[in-house]
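The numbers here are math on the coordinates, done by the rules we state, and not lab data. Model, not experiment: these values are computed from the prediction. Neighbour counts run over all protein chains shown; Cβ positions are idealised from the backbone, glycine included.
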Amino acid sequence: MADKQYAIVLDTKKCLNCKACTVACKFENFVPVGDDTYRIWVTEMPLQGKFPRLHQEYQPSQCQHCENAPCEKVCPTKATFRTREGVVLVDYKKCILCKACMAACPYDARFVSDLHEAVEKCTFCMHRVSEGREPACVETCPTKVRVFGDMNDPASDAARLLSSRQHYQLKPEKNTRPRLFYLA
Amino acid sequence: MFQSLDKYRSMIRINKDVPSMPFIILGAILLFLGFIGVVRVFWQGHEAVYGVTRQVPWGLLIATYAYFVITSTGLAFIGGLGHAFGVTVFAKMSRRIVLLAFIILLAGFTQIGMELGHPFRLLYLFILSPNFSAPIVWMGLFYSIELVILAIELYVVFNPSGTNHKVAAVLGFFALLVGIVATSNLGFVFGSLTARPFYHGVYFPMYLVVSGIAGGAALLMLIYNIIYKFNVPDFYSDAMAGLGKLMGICLGVMIFLLSWKIVSSLYTQPQDSVEAVTTLLKGPLSSHFWIGEILLALCLPVALLLISRVKNLKALGMAGLAFMIGMFFTRYDFIVAGQLPPMRAGLEGAGVETIAGLVQYSPSVGEWMVFALGLGLFLFLYFMSERFLVLDEQTRQ
């Protein structure tokens, strides 16, 4: 049987910009307070249309857990690695803080953590997933923007959305093959 | 045992005619400032002392690391030409070449050692858990080998029983080869970054090697003028002319490479790369670029080499001085420019602050202090060697 392959599917049209996901992430993962220290973010996209017919979308994002992860390739000590489930993680004890992964990441998803004394990023909340729970950002979202699941399980909500709806990935030209899918 | 020590006494002499004391004192002051910087980093932490950010993770210390180590490999290249490839004009400079290359490499290691958050982890993780797909692993390996080769070369060229030329030739060849590989690999540390189009590709691996050789020649021309108070003896005329010609060729190649880099970035306007080049041409790095990179590192040295026809040794010294100052800006520009275009637009909520579409970086006092450590180490160790070691016995006895 094939390994699970985790992914998050996002329907940005549902996003209210309440930022509950960013708060949940901070509390769940003890992310230090600071302008530069965050694992996930919600970008307010530019206004579209003309007054009075205006429209605005928000784009929540985080580490894309790329299949072809540039951060993993440039990490000199294998501190950054991919699990069998396709989740990109950092072994804090192996990080020498050369910051090559930060320079290599096309999504600016990494930062230096004073708490871990290493480079930190989204982990898909693997400590929760291993207990059968969803990542904190997924669970807390009031409108269910994010859907977390196993792409190899056709019955999962994530797989069903991907098979039934048009979707796109961020910066496809970088050939990183992200595991975050945005519904069109 | 005392007899063998006596042999080495012939290598030691107080050279009062060499103007080394001002540089030793300057080096000591810079070392002291650097020491304060190091204490601050260990006391307060890297993040509190350095000005690098999430968006610009590599700053001044990566630039100064590149500045030092690439100059070192350029010197090793010139030394290798003298020892291994029969360019005998450079052989008479071999002691200074090897000594400079060794000390300036050590200076570079101080910069990367202070830049890394966990330099001691690196020492065992490079052995226990190396990722061979990471260019940094190869860079570390090759520069470590270079340091060992240069240390052995030092022993060989300072052997009081005389230099074993066959051994020196083999060492010189490997110092040249490993130096080129190490520097081009340093370029690939940046060239491998697909996220940053300004870096990505073969340009920097090539440019760094060529500019390193020019840097090695420039430093030698400058040092010889300092040591001989801008009155270099005729004994070195041919070697100095050779350095001038070598530097001239490298400058020509650098102008060629830089021109195409700019044209290719502006012509088709690949995302981010054009923004990085624009920061150099008319953005926040434009004064560095036009004054440091173009005027001091390229135009002035080329003009001095052409006007002097590579014969006036004072002009060669001035060309070397201009180039070494300009090259500092060149290294800084190349490190910083590639990181100023943000990985996502600085919109509300994105967590990225931009001004005119670019993120900002300015080195902190702490970073300048660590640079002072490297520069101070170089000045102090090298000019102490000038004061107390016999570096060119042919003319001084």
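How big, in percent, is the set of alpha carbon pairs in segment A:6-183 lying more than 19 Å apart? That tail contains 58 percent of the Cα-Cα pairs. At an R0 of 60 angstrom, the distance between the Cβ atoms of B:SER286 and B:VAL170 translates into a FRET efficiency of 0.80. Over the protein assembly as shown, dividing the summed -39,500 (n - 2.57) contributions of all DSSP H runs of at least 4 residues by the number of residues returns a 222 nm mean residue ellipticity of -17000 deg cm²/dmol. The distance linking segment B:320-342 with segment B:153-218 is 19 Å (Cα centroid to Cα centroid, whole angstrom).
Summarising the overall dimensions of segment B:213-330 from its C-alpha atoms, the Rg and Dmax are 15.9, 53 angstrom.
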